[in-house]
Amino acid sequence: VLDGVVYRSVENAYQAAKTVIPAERKPFEVYAPWAAKSCGGNVTLRPDWSDKFKLQLMLELITQKYQRPDLRVYLMLTCEAKLQEATNDPFWGRGRDGLGWDHLGRLTMQVRQSLNSETTKSL
C-alpha cells in the first residue's frame with residue numbers, strides 16, 4: 001500500500017512512488033511487476049527522489065510485505081543467513097562480479113531482525 005493505493009507488488013509501489021503525478025502512477029496498479037520495473041524509468045521523477053528517499057521507501061514497503069504471515073514465515077526460515085539481492089543493479093543488489101551495495105538484501109535483513117525482536121518481546 002502506498003498513499004492509500006494497493007499495488008500488486010513492492011516493485012509496483014516502488015515504481016509508482018517515483019512520481020507524484022496521479023495519472024503516471026495509475027498504470028502501476030495493474031502492471032505485472034516486471035512491466036512496472038521496465039516502465040518505471042518513463043515517469044516524471046518527483047523532486048525529492050534521492051537515495052535517502054529510496055531507501056526509506058523500500059524499507060517501508062518490504063516491512064509491509066513481511067507483515068503477511070505466509071511471507072513472514074519464509075523470511076524467518078532464513079534464520080541468520082546473509083541475504084543478497086541477485087541483480088546487476090549495483091544500488092539494490094550484488095551482481096555475479098560481487099560488486100554492488102546490495103541495499104535490498106541489507107534492508108530485508110533489517111526487517112528480519114525487527115521481526116525477530118518483535119517475536120522475542122511477545123514470548
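Each value in this text was obtained by applying a stated rule to the coordinates, not by laboratory testing. Predicted, not measured: the structure shown is a model, and the values here were computed from it. Neighbour counts are summed over all protein chains in view; Cβ atoms, including those assigned to glycine, are modelled from backbone coordinates with ideal geometry.
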When the stretch 22-60 is checked residue by residue, the ones that are closer than 25 Å to L115 by Cβ and touching a Ser or Thr at 6+ places or on another chain (Cβ under 9 Å) are P33
Quick check on my filter: what residues within the stretch 86-122 are among the aromatic types (F, W, Y) and touching an Asp or Glu at 6+ places or on another chain (Cβ under 6 Å)? W92
Condition first: under 16 Å from Y7 (Cβ atoms) and of a type in the set (D, E). Can you find one or more residues in the stretch 54-70 that meet it? yes
Given (1) under 17 Å from the mean Cα position of the chain (by Cα); (2) surrounded by 14 or more Cβ atoms within 10 Å (Cβ to Cβ); (3) among the aliphatic types (A, V, I, L, M), index of the condition V20 fails: (1)
Need pairs with beta-carbon distance below 8 Å; first residue free of Cβ contacts under 8 Å to residues at least 24 places away in the same chain and within the stretch 60-84, second surrounded by 10 or more Cβ atoms within 10 Å (Cβ to Cβ) and among the charged types (D, E, K, R); sequence gap 6+ or separate chains. L71/K65; Q84/R94; Q84/D102
Counting only residues that are surrounded by fewer than 15 Cβ atoms within 10 Å (Cβ to Cβ), farther than 20 Å from S9 by Cβ and of a type in the set (D, E, K, R), how many does the stretch 56-112 have? 4
Identify all residues within the stretch 89-123 that are within 15 Å of the chain's Cα centre (by Cα), of a type in the set (D, E) and within 24 Å of R72 (Cβ to Cβ); write none if there are none. D102
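Considering only residues that are of a type in the set (V, I, T) and either surrounded by 16 or more Cβ atoms within 10 Å (Cβ to Cβ) or not in a loop (DSSP other than H, G, I, E, B) (or both), which ones fall in the stretch 1-17? Walk me through how you get there before you give the answer.
Looking only at the stretch 1-17, we keep the residues that are of a type in the set (V, I, T), and these are 1, 5-6, 10.
Once the filter is applied, which keeps residues that are of a type in the set (V, I, T) and either surrounded by 16 or more Cβ atoms within 10 Å (Cβ to Cβ) or not in a loop (DSSP other than H, G, I, E, B) (or both), the stretch 1-17 yields V5, V10.
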